[in-house]
Amino acid sequence: MDGLRSNDNKQNIDRHSRAEMGSFSERTILEFEDESLVSPVSLNRKNFSIEHSSSLGGGSQKLCYGNMKNRVFHSLKVVVFSAKINFLMPFGPLAILVSSLTGHHGWVFLLSLLGIIPLAERLGYATEQLACYTGATVGGLLNATFGNATELIISIYALRRGMIRVVQQSLLGSILSNMLLVLGCAFFAGGIVVSKREQVFSKASATVNSGLLLMAVMGLLFPAVLRSTHTELHSGKSELALSRFSSGIMLVAYAAYLVFQLKSDKNLYLPVTEEDTEESLDDEDAPEISMWESIIWLFILTIWISVLSEYLVNAIEGASVAMNIPVAFISVILLPIVGNAAEHAGAIMFAMKDKLDISLGVAIGSSTQISMFGIPFCVVIGWIMGCPMDLNFQLFETATLFITVIVVAFMLQDGTSNYLKGLMLILCYLIVAASFFVHVDPASVEDKTRKHRL
């Protein structure tokens, strides 16, 4: 009897467990159906599974094509149509059209200048998007590198045409623009927005960059003094040989600086106001496009800037005559303002968010990269091309750079910022701009005289 009862109990338990499992499966199906009625994501998954099971080939291909098409439209919308400054983009093709039809150098130069402005800004945007995937330290280096890509591209095209003075003055103007105008506007805007206290930044990072800038001044000063004092061992050759040797030394110093920045002492470049800067940046500035989209856009924008830079360089001398503006003023003031459009906007934006270390990294870091990498790189490229590009920037330009570095170093020595310091830097830049407007470049006069004799 006990065996029969135990068998009956086991059968009842089995039937009960089957009933519970059946009711559970029915309940999960009902919940799935209810969820599909409410959640569009679930409905899409259900539809996708049905389509995928019905036709594995055609359905998946259509889905992939549709996703790719949506990504392309989204990327175009974000990069090309989202920024208000992009209304200047049509001026680029218009410059090419005017150059083909009329050849008026003044209009070609002006239209090319306006067409490069949004491209430089979008190049900075694509770099910032890529920096979201690479981290803050590498991102800052990428930002400075691609932010200076416009100036380097213009310089290479000018070197191909033998316009050494345009290369020297445009690179010098980029340093002056970043150190005085960009940094000054960042300090001024940050001081106005954060008016109740002084903004602070890392003094250690500023000191290292100031030292590198003074080293760059040393490299530019000795060839100019050697020429001015007529103490060359071999006239015309010692100056060029010294420039190429100094350029190699400066490139080694910049490589050591990169290793120090990225590997040896990362804590030196941590902001003083925020400990979790990378996390806060990730929360606030989530990437809008993917990493590969950022790389593709960097490639496209660099090519388009290269095309417009060729038209811009070819029209500089004609524009100087047509608009009655010295070539030195165009090279030192106008070209760098266009090339630094991305840095200018980024530095002001970060300063207004009280992230002054990033603003300082954009402005001073870009100046350091141009002086310690951009200028020596152009000397080496000119050496390869057979163009006698040297570090003799003439005494007037070298003295201007030396005084600027000293002024900025004094502004940065206490690690604080306010709107008065920013205003002083902006006013210093206005003095520099006025000086180059009335400056006659003796080297360019000698070149013109030599061309007329030939």
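The values are calculated or read from the model by the stated rules, or taken from the named source; none is laboratory data. What you see is a predicted model; the values in this text were computed from it and never measured. Quick reminder, even Gly has a Cβ in these numbers, built from the backbone with ideal geometry, and neighbours come from all protein chains shown. The accessibility values were calculated without ligands, DNA or RNA, using every heavy atom of the protein model including side chains. Shrake-Rupley method; radii C 1.70, N 1.55, O 1.52, S 1.80 Å.
If you place +1 on the Cβ of every Lys and Arg and -1 on the Cβ of every Asp and Glu, how big does the dipole about the Cα centre of region 81-212 come out, in debye to the nearest 20? Could you put the intermediate results ahead of the total?
Values: 8 positive and 4 negative charges, 25 e Å.
Using Cβ point charges on Lys, Arg, Asp and Glu, region 81-212 gives about 120 debye.
As a quick test, which of the pairs Lys69/Lys263; Lys69/Lys353; Lys237/Lys421; Lys84/Lys353; Lys237/Lys263 have an alpha carbon distance above 32 angstrom in this structure? Don't skip to the end; give the middle numbers.
On the way: Lys69/Lys263 41 Å; Lys69/Lys353 36 Å; Lys237/Lys421 43 Å; Lys84/Lys353 21 Å; Lys237/Lys263 39 Å.
In this structure, Lys69/Lys263; Lys69/Lys353; Lys237/Lys421; Lys237/Lys263 exceed 32 Å between Cα atoms.
When the accessible area of region 148-275 is computed with all protein chains present and a 1.4 Å probe, what percentage of it is carbon and sulfur?
Carbon and sulfur together cover 64 percent of it.
Using a/c under 1.5 as the rounded threshold, could you call region 300-454 rounded, prolate or oblate? The axes a ≥ b ≥ c are square roots of the C-alpha gyration tensor eigenvalues, and prolate needs a/b larger than b/c, oblate otherwise.
On the way: a/c = 1.83, a/b = 1.58, b/c = 1.16.
It is prolate, given that a/c is not under 1.5 and a/b is the larger ratio.
Quick one: net charge of Gln394's neighbours, Cβ under 10 Å, K/R +1, D/E -1?
On the way: positive: Arg165, Arg227; negative: Glu397, Asp441.
So the surrounding residues net to 0.
What list of ³J(HN,Hα) values in whole Hz, one per residue of region 228-233 in order, does the Karplus curve 6.51 cos²θ - 1.76 cosθ + 1.60 (θ = phi - 60°) give from phi, with Gly and Pro shown as x?
My calculation for region 228-233 gives 5, 8, 6, 10, 6, 5 Hz in order.
Quick one: 3J(HN,Hα) in Hz for region 161-166, Karplus 6.51/-1.76/1.60 with θ = phi - 60°, rounded, Gly and Pro as x.
After applying 6.51 cos²θ - 1.76 cosθ + 1.60, I find 8, x, 8, 5, 5, 5 Hz.
Give a residue-ordered list of calculated ³J(HN,Hα) values for region 151-156 (Karplus: 6.51 cos²θ - 1.76 cosθ + 1.60, θ = phi - 60°; whole Hz; x for Gly, Pro).
5, 5, 5, 4, 5, 5
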